[in-house]
Each structure stands twice: as C-alpha cells, then as structure tokens.
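Take a look at the structure below.
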Amino acid sequence: METKDASISRRSLLRGAALAAVMVPLGVSLASCAAPGGGGGGGGATGAVSADNPFGVAANSKIDAVIFNGGYGIDYVENAGKILDKGKTGATVKVSSSTKIAQELQPRFVAGNPPDLIDNSGANQIGWNTILDQLETLDDVLDANNLEGTKISDTLYGGVKDPGTFNGKFVALNYVMTVYGIWYSDKVFKDNGFAVPKTWQDLKALGEAAKAKGKFLFLWGKEAATYYQTMVVDSAVIQGGDDVRLPLENLKEDCWSNPVIQNILTNFYDLIQAGYVKPGGSGTQFTAAQAQWSNDEAALLYPSGSWIENEMKDATAKDFTMKGIGELPYDDKQTTPAGTLRAEAGEPFIVPTKAKNPAGGKELLRVMLSKESATSFAKSKLAPTIVKGIVPDDGFGSTALVSQKELLDKAGDNVFTIKSFNLYGMNSDQLPIWNSFLEGKMTVAEITSQLQALTDKIRNDSSITKIEIK
C-alpha cells in the first residue's frame with residue numbers, strides 16, 4: 001500500500017508533465033553535466049549478441065533491479081523477471097522494493113555499484129542532475145524487437161520519449177501512461193438525462209441541470225485545488241495550441257493574459273458565482289472531497305489524471321461506471337486536431353552505466369515492453385502502459401480504462417505535456433490561489449495577477465536556472 005505522502009508525491013509528479021524525469025533541482029544546469037553513457041558500458045561480462053539477445057546478456061548472469069514500491073507495487077517487474085528467466089541466456093532477476101530510492105541508492109552510485117535497473121520514482125527519487133552522466137542511453141531498447149518479434153518503437157504511444165530526454169539524450173524510459181481528463185459516472189448521466197459536455201460552452205446548461213437535481217457540477221479538495229489549474233491550462237492548449245502552451249512553459253510576460261486562458265477563466269468564474277461548484281473545498285481533505293464525487297455522487301464532473309479510479313477504488317459507488325472525456329476546448333473553434341489530449345508517461349526506469357549488468361537491465365526493460373508483460377500490468381493495475389493495443393475493448397471490466405484506451409487511440413500523436421509548473425516547483429504557491437478562486441473569493445483579474453506574479457518572480461530570479469521548453 002502506498003503511503004499518503006508517497007501517493008501525493010507521485011500524483012504531483014504526474015500532474016505536471018515534467019514527471020519524475022525532468023524534476024531538476026533549481027540552480028543546476030543540465031548543460032553542465034557530461035553526456036550519458038550508452039551501449040553496455042558496465043564492468044560485467046557480456047554474451048554474444050543475437051536476435052534473441054540483442055544487448056548481449058551474459059549466460060547465467062544475475063540482474064539486480066530496485067523498484068519504487070508505490071501505487072503500482074513491484075510485482076509487475078517480478079513477473080517480467082519470471083518471463084526473462086525462461087529465456088535462452090539463463091539469466092535470473094532479483095527484484096528489491098524501496099520507498100527511499102535516493103537514500104538507499106545514491107551511496108551505491110558513489111561506490112560505483114548501482115543496480116542494473118532502477119525505477120527512480122516517488123517522493124524520495126534521486127535528483128536527476130546528480131546521475132545524468134552515469135546513465136545509459138536507451139534508444140537501443142526502443143530499436144530492439146520485443147519478445148513477439150516487432151520493433152519496440154513501433155508498438156508505443158506517441159511522445160513517450162519526451163519526459164525522459166535531456167538535452168537530446170534519452171536516458172529514462174517512463175513505463176505507465178497517464179491520461180488527463182474529466183471523469184464522470186455514466187450511470188448518473190444516463191439516469192438523469194444529462195448530456196456529456198463537448199466544450200466549455202456546454203457547462204452552464206449542465207450546471208443548471210445538475211442544480212435542479214440537487215447536485216453540483218464540480219467539487220474539490222484543498223490539496224488538489226490545482227487539478228483545476230490543470231484543467232484550465234490544458235483546455236486552453238487544446239483550444240489554442242502552442243500559442244498558449246509555449247509562453248506559459250517559458251515564463252513569458254503576460255502569459256496568463258492570453259485571451260484563450262482569459263475566456264476559460266471567465267467562464268469558470270461565472271460557473272462558480274452561479275453556485276455550480278460545491279463550496280467548502282478549501283477546508284476538505286482531497287480524497288474526502290473525491291469520495292463526495294465518486295461515492296456520494298454530489299457532483300457530476302471531476303478533473304484528474306487517470307490514477308483516479310485506482311485511487312478511489314475503495315470509495316466509489318458500486319454501480320458508478322466511471323468514464324472519462326478529454327479536457328474541453330473553449331468552443332468548437334479549437335486550433336489543434338480533434339482528439340488532442342494531454343497524456344504523458346510516468347514511472348521512469350533507468351540503467352546505470354556502471355552497473356554490473358547493464359545489458360541485463362535493458363533486457364528486463366525489453367521484457368516489460370512485451371505484449372505479455374504490458375497486458376498483465378494493465379489488467380492488474382487498471383492503467384495502460386506505453387505499449388499500444390494491450391487493453392481489450394472491455395477494459396478488463398473497467399469502464400474508466402476503456403475510456404483511457406479510446407482517448408489515447410483517438411489522439412494518436414496529438415498529445416502534449418505541461419512541464420514548467422513542476423519543473424520550477426510552483427504548485428505549493430499556486431494551491432492557495434486556486435483554493436481562493438474556487439471558493440469564489442477571487443476575480444479573474446485577481447487570479448491572473450497572482451499567477452503572473454509567481455511566474456514573473458521565477459523568471460526574474462537569476463539564481464534559478466531556466467530551461468527552454470519546446
């Protein structure tokens with residue numbers, strides 16, 4: 001079971017598109033780091049390279065994997081290890097769990113004997129700037145064939161390399177896909193004759209219909225108030241594309257005053273003032289608030305990453321039938337392709353160059369990217385991996401997982417991420433701003449001014465290293 005602190009940390013990383021793989025301590029320049037390694041540079045013995053052994057794993061060697069024991073556990077890597085054990089090399093896998101990756105593994109990096117494969121995730125992940133020059137590049141993993149004989153890169157969703165690429169070097173393979181959307185109960189909508197919204201223009205009528213049934217349109221909890229920032233910003237990017245995204249990402253002056261953002265904020269303000277957002281969220285713990293939605297059905301919609309189903313599995317009405325839609329464009333004139341979606345990979349796996357068996361670490365990753373392993377993960381965790389085509393039409397009985405599959409399939413390569421908020425550690429300062437706005441205590445002009453002031457403060461602080469986002 002994931003601890004509360006670790007759970008919140010993992011969601012915070014996912015929520016900000018930088019994910020774990022771009023969380024660089026401020027003031028440290030990536031450009032100052034040496035280029036990562038590549039091509040099996042460890043000190044261990046290697047075997048002959050073949051179609052069945054593309055990285056040259058030595059016969060009967062041992063593979064040491066340390067996996068963050070968070071919301072997804074470690075059994076999925078253990079299961080991949082069992083598949084690899086059946087391979088022709090006779091290699092065996094030892095999987096160890098950890099919730100303190102940095103504390104336990106940084107000494108091993110210093111000593112020159114890191115594990116062969118690491119899931120560098122959770123609240124206690126290793127700072128990336130400290131190890132970038134000690135990691136294998138992983139392009140050869142994606143260039144290899146999977147266990148079914150298909151080139152791995154041809155089996156993956158679009159954009160999966162982005163969060164693990166630094167200055168052109170792909171060093172972290174993020175395994176789990178997270179879809180950002182708006183979630184609802186299909187049963188509640190059908191029982192009440194509610195129409196699923198397609199744009200922000202539909203929300204006023206839906207709010208009125210919800211109020212007539214004694215329900216709210218939205219609700220929130222204090223630690224998750226910025227889920228609504230995510231919804232607003234993502235919606236604006238879907239509406240206006242890079243003209244909205246890049247100024248925000250690169251801390252430009254007046255970026256929050258973009259007309260698309262202003263239109264959505266104004267629309268949202270009107271919904272709050274009309275009483276369609278359940279008050280009191282700034283004094284409610286976030287999972288308690290989410291239970292008001294998933295168990296009590298007090299509100300119709302909730303914006304979140306796709307972890308929401310698993311997170312609330314013990315506090316969801318039996319017949320809730322959770323489904324998701326993509327975040328909404330402002331109107332029917334969006335400039336991005338239909339189906340454009342915020343979706344990004346998480347759970348970053350790395351292979352240290354100085355490991356005893358880096359070839360074995362890459363081979364274990366290759367197995368994890370096989371159809372068998374990826375399907376097993378999706379079925380047990382109710383979450384898609386970066387491997388396409390593994391979720392059946394029935395979503396293993398999960399309507400929310402079916403929605404994720406449909407959204408990803410429709411988006412194709414038209415996916416985006418938002419990195420700057422987490423990259424510069426802005427969430428803690430943004431939370432009180434959004435709690436106040438959601439309570440109806442702040443105007444559009446006031447929230448715009450405060451969010452811009454935070455952006456300007458970071459831009460003008462010469463002690464903070466800025467990273468251009470494209």
| task | Kindly state, to the nearest 0.05, the FRET efficiency for Val196 paired with Asp456, given R0 = 35 Å and r defined as their beta-carbon distance. | result | 0.35
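Which GluC sites (Glu not before Pro) does segment 218-253 hold that lie in a coil by DSSP with at most 14 other beta carbons within 10 Å? All intermediate terms of the calculation are to be shown ahead of the outcome.
Numbers: sites: Glu223, Glu249, Glu253; in loops: Glu253.
In loop regions of segment 218-253 (DSSP not H, G, I, E or B), the sparsely surrounded GluC sites (Glu not before Pro) are Glu253.
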| request: Go through Pro163, Ile418, Ser370 and say which Cα lies farthest out towards the positive end of the charge dipole of the chain; charges sit on Cβ, +1 for Lys and Arg, -1 for Asp and Glu. | output: Ser370
| task | For the chain, state what percent of all Cα-Cα pairs lands in each successive 10 Å bin, counting from 0 Å until the bin that includes the largest distance. | result | 4, 20, 30, 25, 14, 5, 1, 0
| task | Pop a pseudo-label 7 angstrom from the Cα along the beta-carbon direction at both Gln262 and Lys151 and give the gap in nm to one decimal. | result | 4.8
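Report for the chain the percent antiparallel among DSSP-assigned beta bridges with both residues inside it, nearest 5. Please list the in-between numbers first.
Details: 25 of 39 bridges.
Beta bridges within the chain, antiparallel portion: roughly 65 percent.
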| message | How are the alpha carbon pair distances in segment 306-359 distributed across 10 Å bins from zero to the largest one, expressed in percent? | response | 15, 25, 24, 20, 13, 1
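Give me Met368, Met312 sorted ascending by neighbouring Cβ count inside 10 Å, so fewest comes first.
On the way: Met368 28, Met312 20.
Going from sparsest to densest Cβ surroundings: Met312, Met368.
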| message | If each residue of separation counts as 0.36 nm, what is the full-extension length gain between Ala315 and Glu208 once their alpha-carbon separation is subtracted? | response | 35.9 nm
| message | Neighbour counts of other C-beta atoms within 10 Å: give me Tyr184, Tyr269, Tyr228 arranged from fewest to most. | response | Tyr269, Tyr228, Tyr184
| In whole Hz, what ³J(HN,Hα) sequence does segment 311-323 give by Karplus (6.51, -1.76, 1.60; θ = phi - 60°), x for Gly and Pro? | 5, 10, 4, 8, 9, 10, 4, 4, 9, 5, 6, 5, 9
| Stretchable slack from Asn113 to Asp393, in nm (0.36 nm times residue separation minus alpha-carbon distance) | 96.4 nm
| note | Gyration tensor (Cα only) of segment 122-178 to equivalent ellipsoid, semi-axes in Å sorted down, yields 23, 13, 10
| query | For segment 128-210, what is the charge dipole size about the Cα centre, in debye to the nearest 20, if Lys and Arg each add +1 at the Cβ and Asp and Glu each add -1 at the Cβ? | reply | 420
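Given only helices, namely DSSP H runs of n ≥ 4 each adding -39500 (n - 2.57), what is the per-residue ellipticity at 222 nm of the chain, to the nearest 500 deg cm²/dmol? Spell out each step's value before the answer.
Details: 17 runs with 173 residues, N = 470.
Counting only the DSSP helices, I get -11000 deg cm²/dmol.
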| message | Nearest 10 degrees is fine. How inclined is helix 4-15 to the longest principal axis of the chain, computing both from alpha carbons? | response | 80
| field | Length gained when the stretch Lys100-Asp331 is fully extended (0.36 nm per residue, less Cα-Cα span) | value | 78.6 nm
| Mind checking the angle between helix 227-240 and the chain's longest principal axis? C-alpha axes, 0 to 90 degrees, to the nearest 10. | 90
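Relative contact order (percent) for the chain, with alpha-carbon contacts under 8 angstrom and 6 or more residues of separation? Display every interim value, and only then the final one.
Values: 941 pairs, mean separation 125.2, N = 470.
The value is 27 percent.
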| So what J values fall out for segment 168-176 if you push phi through Karplus, 6.51 cos²θ - 1.76 cosθ + 1.60 with θ = phi - 60°, rounded to Hz, Gly and Pro as x? | x, 9, 8, 10, 9, 9, 8, 8, 9
| note | Dividing the mean separation of Cα pairs under 8 Å (6+ apart) by the residue count of segment 180-342 yields a relative contact order in percent of 46
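Work through the residues other than Glu309 whose Cβ is under 12 Å from its Cβ and net out their charges, Lys, Arg +1 and Asp, Glu -1. Let's see the in-between values first.
Working: positive: Lys313, Lys323, Lys381; negative: Glu311, Asp314.
Residues close to Glu309 contribute a combined charge of +1.
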| query | Based on Cβ point charges of +1 for Lys and Arg and -1 for Asp and Glu, what charge dipole magnitude is obtained for the chain about its Cα centre, in debye rounded to the nearest 20? | reply | 520
| Helix 101-111 vs. the chain, principal-axis angle (Cα, 0 to 90°, nearest 10) | 30
| said: Checking the cross-link filter: which aspartates and glutamates have an alpha carbon closer than 18 Å to that of Lys222, excluding same-chain neighbours under 8 positions apart? | reply: Asp5, Glu311, Asp429, Glu439
| request: Give me the aspartates and glutamates in straight-line cross-link reach of Lys187: C-alpha distance below 14 Å, same-chain residues under 8 apart excluded. | output: Asp296, Glu297, Asp319
| said: How far apart, in nanometres, would the label points at Lys410 and Ser50 be if each is projected 7 angstrom from Cα along the Cα-to-Cβ direction? | reply: 4.7
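Would you mind ranking Thr89, Thr130, Thr226 so that the residue whose beta carbon has the fewest other beta carbons within 10 Å leads the list? Show your work: numbers first, answer last.
On the way: Thr89 21, Thr130 16, Thr226 24.
The fewest-first ordering by Cβ neighbours comes to Thr130, Thr89, Thr226.
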| Long-range amide H contacts for Thr178: which residues qualify at under 5 Å (H placed 1.01 Å from N, peptide plane, sequence gap of 5 or more or a different chain)? | Glu344, Ala345, Gly346
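A short reminder: the numbers here are calculations on the coordinates, not readings from a lab. In this text the structure is predicted, and so the values were computed from the model without any measurement. Here Cβ is always computed from backbone atoms with ideal geometry, including for glycine, and neighbour counts include all displayed protein chains.
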